Protein chains: 2
Amino acid sequence: MMKGNFTLPGEAGHEKLTLELAKRWGADVIRDSDGTKLSEEILRAGYDIYSTICPIREHNDWIRQNPRARQQTFLCTAPRTAGSPRLIVRLMDGFFKEQFEINDSAAAMKYWQVYDRTTDTLVDRDRWHYDADEGTIVIHTVPWRQYTASFLAWRVWEEISMYNHTTNNWDKEHLMQLNPYLPDCREYLENWLKDWCAANPDTNVVRFTSLFYNFAWIWGSNARNRHLFTDWASYDFTVCPEALDDFAKKYGYALCAEDFVRQGKYNATHRVPTQKKRDWMDFCGGFVRDIGKGLIDIVHGAGKKAYVFYDDSWVGMEPYNGHFEEFGFDGLIKCVFSGYEVRLCADVPVPMREIRFHPYLFPVGLGGAATFSPGGQPGQDALDYWITARRALLRAKIERCGLGGYLSLTQGYPDFIQAMDTILDEFRQIAALHDTGAPMTLKPRVGILHAWGKLRTWTLSGHFHETDRHTLIHVLESLSGMPFDVEFLSFDDVRGGVPKNINVIINAGAAGDAWSGGEHWGDADLIEALTCWVHNGGVFMGIGEPSAYPGRHSFLRMAHVLGVDIDNGERACHGRWQFETEPIPSLVPDGAHIAPRADVVLTDGEAMVLAAHEGTPTITLNMAGRRGGVGIYLSNFAYGAENTRLLMNLILYATSWNTITDGISDNPNVECAVFPHTVVFANNAATPQRAECTIGDKTYSAQMPPFGMQCLNMNRI
Amino acid sequence: MMKGNFTLPGEAGHEKLTLELAKRWGADVIRDSDGTKLSEEILRAGYDIYSTICPIREHNDWIRQNPRARQQTFLCTAPRTAGSPRLIVRLMDGFFKEQFEINDSAAAMKYWQVYDRTTDTLVDRDRWHYDADEGTIVIHTVPWRQYTASFLAWRVWEEISMYNHTTNNWDKEHLMQLNPYLPDCREYLENWLKDWCAANPDTNVVRFTSLFYNFAWIWGSNARNRHLFTDWASYDFTVCPEALDDFAKKYGYALCAEDFVRQGKYNATHRVPTQKKRDWMDFCGGFVRDIGKGLIDIVHGAGKKAYVFYDDSWVGMEPYNGHFEEFGFDGLIKCVFSGYEVRLCADVPVPMREIRFHPYLFPVGLGGAATFSPGGQPGQDALDYWITARRALLRAKIERCGLGGYLSLTQGYPDFIQAMDTILDEFRQIAALHDTGAPMTLKPRVGILHAWGKLRTWTLSGHFHETDRHTLIHVLESLSGMPFDVEFLSFDDVRGGVPKNINVIINAGAAGDAWSGGEHWGDADLIEALTCWVHNGGVFMGIGEPSAYPGRHSFLRMAHVLGVDIDNGERACHGRWQFETEPIPSLVPDGAHIAPRADVVLTDGEAMVLAAHEGTPTITLNMAGRRGGVGIYLSNFAYGAENTRLLMNLILYATSWNTITDGISDNPNVECAVFPHTVVFANNAATPQRAECTIGDKTYSAQMPPFGMQCLNMNRI
């Protein structure tokens, strides 16, 4: 059995278990976790030591003396209808009072705004005033209109601490979070870290969890609607008056509350980003890098390495904005529920990448479901997550893996211990295969086209279960285990002409959102570039409401290439093309299913309908131009083994008119990866599977148990 | 048995049958139909005689000599992608060549337009030319953009004739249609009518079928998509260069092709009308009245009456535009599939109103289904249509009824003969009840709010089966048999304040359409007026996507009153209110079903959820303000007995907190109408039903066979 490349969470008081499992699982590193400590016995056992620090938490004493140091956010009240010429709006109505307090300092109030939401216009400052005693805004109204007030609020409970308290009934002191944008906070933080490094001589690696600003997570006062707004890649929690003032000086214009709260909808990642949002992200990226680098330098100065956990308070640290290397991190750790998160981790420019497996060693997991507690099946959970990660690991190299949490909880769960035996064995086999050379990729190079482009490489905005209503995450999850090179393209990247090496472009999203592209599709240059490219042989695949843009002759701006359009009611008086479905043998695997939508219509009757439901097409294929260009439309897409195979088949068929290609298994439940000397068969199913795969003139076959993986040495067969 | 008030279609060659059925069914009038004639024996049998004329048809000889006299329309080609700097667009590609010919006269070509549909801009005239030999437009393009050409086309086959030919495999000469806008055509037509009147001395009533311009019906060349565009209330078929020129003089601005073709979507009635469309309708109304009145005067001068059939070539003759009486018609005949069409007919300001029953005496009916031919069940069909008409007849008086078509076809269908016995008996009973006084209406007065207002009283755009994808037609059909007064309101009618006598306003439609209101909801005055009205006790009921308008804080602009909004993706990161459904006993009848939509969210958690599906509300009720105002939301509405009762219950409950009211039956399958001395029970079900109804301190009950009707004399009980 191979060893190493594995980080085990240790736990003081459970030294025997820690060292036993470290040996059994071949750990080379032991870490602490939020809530656990390592004892002298563990620290002295000859392993490298990772120590977890959350730089902005655990400073309550200092923050109490310096309440300015707390972090902030803009909040927008729910709209209220004016029943008379005077309306009183209670600012904190509906917000979780343990999370927020009004910041009514003069510096903050400069940024407050009252909006008439009936006309969507700003209310003049002389038509409202703040009553500090009552915490209310009093507005001189136009009766029967609706109003909101937007204000700056202190965040007085660090959100991850808040979540753990409420989910796990913790009863500890509420932790606050430090705002390192303020020079005195930064100085305090640097001194604190210097002291910390001196006090922890055994630590080899300081594991930042994570940096300074949490993803946006606004809680409500009513248990029936606790999570008012949650977005993993929103920058709402970075604001403070000092930063806003500095932004105005640097960028030449001032941001206001409305630029953040946007009618109460906030700046969610799935909305097409405004230039203001991009500027603010750029600004935040700058100061987060500056402060972060200062801390990393301290860690390096103490002779330790600095790794960062890419979650929670990650905001401002973008792995794909071209500046990540400036931090100087020695490693990045990504917790992984899904295949695409493996790929996200794998492409970050950093010397060492580690994935942290699920489940976390905690009594409960996602949404409060039992894991290491009665009713939990942690071994099964671990294998389920592993299967999704494994297929991505077969495509891209990750150096290390690990676990986190309370190791003692694994006692009594032998299925989990055994599952980890398997997982670690397969992880190390795969890592070793990558050392023999990169796995084979097939020719079609896929571009994912959306408003964020490269910045949101292999992710949308958080974990799969947080974004699963967006079709694109299902596409990314499918692609994460396919033998294709994938690029992430913004509209700017293709407006002047599609990059030469791209063979297939996928645009998958809902009308108006960042994934489909929204307002970008008003641009004729974009449409001309894509149309020209398809007519010269490109493949444009649209899923859901691709290229949707209202007000033009077609709702889908690429309808002329797709051969289908979406009729959102305007064509209720137009006839619809009748069609016969034309199944292409082997293209749509048994069990593949594309959810229908009733509004899909053929544009000119020319597109081949590969599948349909109650008279509306669900999968179409349209020849565009005379040079082999193709438009493909799917009315929807949900991740699954058969749909993954369908997507791969469509990509292969449209680029080569052939789905039986080297290195592809003949069984949708089994995927193959071809390394220089080895072909790997991975069974993604919970049942035994058999599969064949042809490479050149040789055919390989494997018979696998449920979830099994088999490596065949191609030189020996 | 009562007699009279019934128009029987006679048929030469079937004199015995004609006179027997005339006697059996108590006819007072015999008519001819399209395709039948009346013989001397019938004409002399002592009945009044209606003669059907279609004024614009049957003039092929004269039109052949005067091809300018043919009617026209604008057509817009399907968009074509330019693969090079030169694009050739074949104008007639895709259009039905038996219906259209290019009008490339200089007068017509002035109105032609070429559009760049990628940018949605007009292409300069010097960048395209017409090749008359090829019937093509040659465009100097920006490559990879899409282009359309819009042109005037002669319509060379009258559409009703075309439909009958193709549906019934007729093999007669294709009839053309005269354009009476041209002075020489008008003069010809008047002379023809004078001659006709002189030649038909036995005719008492000239029955116009109908006037001059057909509803829009653009056919395609491909049998897989024959009906490119069909809209019963579109004015596309009224155009000719002469009229367009005169319009420009009269209204001070010129219309162009794009004002009619509108990106190829045309001016369907369900689109929010532009001012240009309203002006053109006004202009057409003027000349149609002028020409029509000239013909009616001729009929009157010949000592005959003039009735008009309100269908087919009705365009320009609006019964609800305030000018209908200027025609001077003596009667209006409406063919009736549904209850709302009875109400539509009943409120037209004309001395005599007649409904024509379905099925038409024809081998096939709707969509080619068998009626009086093997497989048909005309008796059952007649009763099914009758049940829908009867409930509306119980609310509004109609003087006469009739049939149309080939009487001889009834031979061999005794079930139809018997069904007509019943139908005529009940029709006459109901008519007699109306002579005793108006039926009782309950207090809530209902306003239907949409972009057309009164002009589209009791209709959308044609028959139920033509508009059944619009929720509002289901609402109208349900309302047509309820004991409420109903008004049709435009946004102008409520902008300055809701009319005082309105208790309930219903807004039912899809985002952006004329029924929901589209751009009208951008108007703050409208929202203030409605909000004020609800807060003072009004009931606003929204169905589907009521008050939808994009770009504001809520998608439904009345969300603050409804307590629900539609999240079309913008709030994917927002939490949704959890709720418990709170069924109110007796409000939602067993069997009622409102189709869910996944995007409905509670705004502030205050609305009562009466019904829900998979966590999204389908029926909600929200108290708005302190004076009893209510917002009601239904995610959808489909006509049916139980849903009709649901709608009535909601109206009654929201206005009086009580659904058990005088004059309401206790059985959703049975409806009651209360005349001054009589309570009528009508069983709408195909099964025997029993019902009770309380009026004042008396309770009445009835036991009825399937579809039965029972009249109880209240004075005697």
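The values are calculated or read from the model by the stated rules, or taken from the named source; none is laboratory data. Please read all numbers here as calculations on a predicted model, not as lab measurements. Every residue, glycine as well, gets a Cβ built from its backbone with ideal geometry; the counts of neighbours run over all protein chains shown.
The table below gives the values:
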read-out: Total residues in the range A:291-331, condition of a type in the set (Phe, Trp, Tyr) and in contact with an Asp or Glu (Cβ under 7 Å, 6 or more places away or on another chain); value: 2
read-out: Out of A:Asp525, A:Asp565, sole residue that is surrounded by 19 or more Cβ atoms within 10 Å (Cβ to Cβ), at pLDDT 95 or above, farther than 14 Å from A:Ala624 by Cα and charged (D, E, K, R); value: A:Asp565
read-out: Search result, residues across the range B:225-248 that are more than 19 Å from the chain's Cα centre (by Cα) and either among the small types (Gly, Ala, Ser) or under 21 Å from A:Glu570 (Cβ atoms) (or both); value: B:Asn225, B:Arg226, B:Leu228, B:Ala243, B:Ala248
read-out: Matching residues in the range B:604-633 - criterion: being assigned to a strand (DSSP E or B) and under 20 Å from B:Ile527 (Cβ atoms); value: B:Thr620, B:Asn622, B:Met623, B:Ala624, B:Gly629, B:Val630, B:Gly631, B:Ile632, B:Tyr633
read-out: Residue within the range A:250-267 that is part of a loop (DSSP other than H, G, I, E, B) and among the small types (Gly, Ala, Ser) present; value: yes
read-out: Odd one out for B:Gly605 among (1) under 23 Å from B:Phe484 (Cα atoms); (2) surrounded by fewer than 24 Cβ atoms within 10 Å (Cβ to Cβ); (3) within 14 Å of chain A (Cβ to nearest Cβ); (4) small (Gly, Ala, Ser); value: (1)
read-out: Qualifying positions in the range A:355-370 - crowded, with 18+ Cβ neighbours inside 10 Å and more than 19 Å from A:Phe464 (Cα to Cα); value: A:Leu361, A:Phe362
read-out: Verdict on B:Ala673 being of a type in the set (A, V, I, L, M, F, W, C), buried (at least 21 other Cβ atoms within 10 Å of the Cβ) and within 29 Å of A:Gly83 (Cβ to Cβ); value: no
read-out: Number of the condition not met by B:Val630 [criteria: (1) in the same structural domain as B:Val561 (by TED's automatic domain parsing); (2) under 29 Å from the mean Cα position of the chain (by Cα); (3) crowded, with 22+ Cβ neighbours inside 10 Å]; value: (2)
read-out: Answer residue from the range B:117-141, given it is within 14 Å of chain A (Cβ to nearest Cβ) and in contact with a His (Cβ under 8 Å, 6 or more places away or on another chain) and is nearest to B:Phe95 (Cα to Cα) among those; value: B:Arg117
read-out: Any helices (runs of 4 or more DSSP H) falling wholly within the range A:1-116 and containing at least 3 residues that are within 14 Å of chain B (Cβ to nearest Cβ), crowded, with 19+ Cβ neighbours inside 10 Å and among the hydrophobic types (A, V, I, L, M, F, W, C); value: none
read-out: Pick from the range B:228-283, criterion over 17 Å from B:Ala153 (Cβ atoms), polar (S, T, N, Q) and surrounded by fewer than 23 Cβ atoms within 10 Å (Cβ to Cβ), ranking: nearest to the other protein chains (Cβ to nearest Cβ); value: B:Gln263
read-out: Meets criteria (of a type in the set (Asp, Glu), touching a Gly at 6+ places or on another chain (Cβ under 8 Å) and over 23 Å from B:Ile473 (Cβ atoms)) for B:Glu606; value: yes
read-out: Those residues of the range B:198-218 which are under 21 Å from A:Gly605 (Cβ atoms) and either at the interface with another protein chain (Cβ under 9 Å from one of its Cβ atoms) or among the β-branched types (Val, Ile, Thr) (or both), in sequence order; value: B:Ile218
read-out: Condition check for A:Thr620: hydroxyl-bearing (Ser, Thr, Tyr) and more than 27 Å from the chain's Cα centre (by Cα); value: yes
read-out: Every residue from the range B:325-375 that is over 23 Å from B:Arg31 (Cα atoms), touching a strand residue (DSSP E or B) at 6+ places or on another chain (Cβ under 9 Å) and at pLDDT below 95; value: B:Ala370
read-out: Lone unmet requirement of (1) assigned to a strand (DSSP E or B); (2) touching a Phe, Trp or Tyr at 6+ places or on another chain (Cβ under 7 Å); (3) surrounded by fewer than 17 Cβ atoms within 10 Å (Cβ to Cβ) for A:His129; value: (2)
read-out: Filter result for A:Asn636 (away from every other protein chain (no Cβ under 11 Å), surrounded by fewer than 23 Cβ atoms within 10 Å (Cβ to Cβ) and either touching a residue at least 24 places away in the same chain (Cβ under 8 Å) or among the aliphatic types (A, V, I, L, M) (or both)); value: yes
read-out: Per-region count, the range A:301-312, residues closer than 17 Å to A:Ser51 by Cβ and either assigned to a loop (DSSP other than H, G, I, E, B) or not small (Gly, Ala, Ser) (or both); value: 8
read-out: Enumeration of residues in the range B:479-535 that are more than 10 Å from chain A (Cβ to nearest Cβ) and assigned to a strand (DSSP E or B); value: B:Val486, B:Glu487, B:Phe488, B:Leu489, B:Val504, B:Ile505, B:Ile506, B:Asn507, B:Ala508
read-out: Pair list, Cβ under 7 Å, 6 or more apart: the range A:163-189 residue in the same structural domain as A:Thr230 (by TED's automatic domain parsing) and buried (at least 19 other Cβ atoms within 10 Å of the Cβ), other residue small (Gly, Ala, Ser) and part of a helix (DSSP H, G or I); value: A:Leu175/A:Ser161; A:Leu178/A:Ala69; A:Asn179/A:Ala69; A:Tyr181/A:Ala243; A:Cys185/A:Ala69
read-out: Contacts under 6 angstrom Cβ, first residue in the range A:614-626 being more than 13 Å from chain B (Cβ to nearest Cβ), partner polar (S, T, N, Q), 6 or more apart; value: A:Thr618/A:Ser635
read-out: Among (1) in contact (Cβ under 8 Å) with a residue 60 or more places away in the chain; (2) among the small types (Gly, Ala, Ser); (3) not in a loop (DSSP other than H, G, I, E, B), the one test that B:Gly447 misses; value: (1)
